[in-house]
Amino acid sequence: MTALTPHMFLQPDGWVPAKGYANGLLAEGRMVFTGGLIGWNAQQEWVHLDMLGQFRQTLENIVAVLEQAGAKPEHLVRLTWYITNKEEYLDNLRAFGAAYREVIGRHFPAMAVVQVVALMEDAAKIEIEATAVIPHDITPHD
């Protein structure tokens, strides 16, 4: 484990490699947990009503919270997505992947995507919880 990336991807022998996510990670450092973040802006205003736009904003919100702890997207070890429409997600997989890479980069932690009936905010189409592990030698912002 290095200072930049405080984790090791776990790939059991004989398993087909996961694409776009990791089956597991071994991590060491200080842990950061976000609440369920949604796709509104810092003023809790909806800029996007579509799932893809809300997804990008949600990822940007995750990055902003991580920055407060001195963490970067490559410190993410787990993302749990809650979506309200499986078809809207599946119909836009390439666009979701492109948005993910633009905001997070080519770092793919352990992930789960779950379809739910609704989220607490009526306009929300996606909510994501994030867990990051940052090295002990990185200090949080004051």
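The values are calculated or read from the model by the stated rules, or taken from the named source; none is laboratory data. Fair warning: this is a prediction, and the values are worked out from it, not measured in the lab. Every residue, glycine among them, receives a Cβ derived from its backbone with ideal geometry; neighbour counts consider all protein chains shown.
Some values worked out for this structure:
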quantity	calculated
Filter result for residue 30 (under 20 Å from residue 20 (Cβ atoms) and charged (D, E, K, R))	no
Any hit, region 27-42, residues being of a type in the set (Ser, Thr, Tyr), farther than 12 Å from residue 132 by Cβ and within 17 Å of the chain's Cα centre (by Cα)	no
Test: residue in region 89-105 that is modelled with pLDDT of 95 or more, closer than 21 Å to residue 24 by Cα and assigned to a loop (DSSP other than H, G, I, E, B)	yes
Members of region 19-35 found to be exposed (fewer than 15 other Cβ atoms within 10 Å of the Cβ) and not polar (S, T, N, Q), listed by number	19, 20, 21, 26, 28, 31, 33, 35
Unmet requirement for residue 45, which otherwise passes all of (1) of a type in the set (D, E, K, R); (2) more than 14 Å from the chain's Cα centre (by Cα); (3) at pLDDT 95 or above; (4) surrounded by 12 or more Cβ atoms within 10 Å (Cβ to Cβ)	(4)
Given (1) surrounded by 16 or more Cβ atoms within 10 Å (Cβ to Cβ); (2) within 17 Å of residue 71 (Cα to Cα); (3) not hydroxyl-bearing (Ser, Thr, Tyr), index of the condition residue 55 fails	(2)
Qualifying residue in region 129-136 (condition: within 20 Å of residue 41 (Cα to Cα) and surrounded by fewer than 17 Cβ atoms within 10 Å (Cβ to Cβ))	yes
Residue within region 53-76 that is acidic (Asp, Glu) and either touching a Lys or Arg at 6+ places or on another chain (Cβ under 7 Å) or assigned to a loop (DSSP other than H, G, I, E, B) (or both) present	no
